[in-house]
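Structure first, then comments.
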Amino acid sequence: MPGRLEFSTKVHAQEVALYNRNCELMPTILFVQGWRFHFFSNEGNEPMHVHAVKGEAECKYWLHPDAFDIEEEFEYNCTPRLRREVRQIIFQHFDQIVAAWREHFGGHRAE
């Protein structure tokens with residue numbers, strides 16, 4: 001039995017390490033209405049944008065802070081209702097998302 005406990009503990013430690021690594025690679029900005037808004041740390045060379053995931057639905061929006069506007073880059077499994085919902089959330093939290101991008105990627109980089 002001790003072998004199983006060690007194995008379980010080792011697997012759990014690996015899962016925690018992977019989770020922590022993913023949080024650093026995919027910082028979550030906010031959770032709203034089941035949507036997780038995040039970006040990937042290796043995408044700082046792209047224009048300002050945000051990813052959103054809810055269940056099997058996923059999308060990415062370019063952010064245009066100077067115009068207070070967004071543009072859909074892609075969507076997967078998003079119904080029209082989900083697309084309206086995510087757009088509304090992005091606009092409601094626009095300043096927070098832009099500030100998180102600037103904090104993570106440094107200033108106004110990649111706008």
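The values are calculated or read from the model by the stated rules, or taken from the named source; none is laboratory data. Every value quoted in this text rests on a predicted model; they were computed, and no experiment measured them. Neighbour counts are summed over all protein chains in view; Cβ atoms, including those assigned to glycine, are modelled from backbone coordinates with ideal geometry.
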Legend entry - Of residues in region 71-93 being free of Cβ contacts under 8 Å to residues at least 24 places away in the same chain and in a strand (DSSP E or B), the one surrounded by the most Cβ atoms within 10 Å (Cβ to Cβ): E75
Legend entry - Tally, over region 26-58, of residues that are outside any loop (DSSP other than H, G, I, E, B) and either of a type in the set (F, W, Y) or touching a helix residue (DSSP H, G or I) at 6+ places or on another chain (Cβ under 6 Å) (or both): 9
Inset, instruction - Could you check W62 against (1) surrounded by fewer than 18 Cβ atoms within 10 Å (Cβ to Cβ); (2) out of contact with any strand residue (DSSP E or B) (no Cβ under 9 Å at 6 or more places or on another chain) and say which number it fails? - result: (2)
Legend entry - Filter pass, I29 being surrounded by 11 or more Cβ atoms within 10 Å (Cβ to Cβ), at pLDDT 95 or above and of a type in the set (V, I, T): no
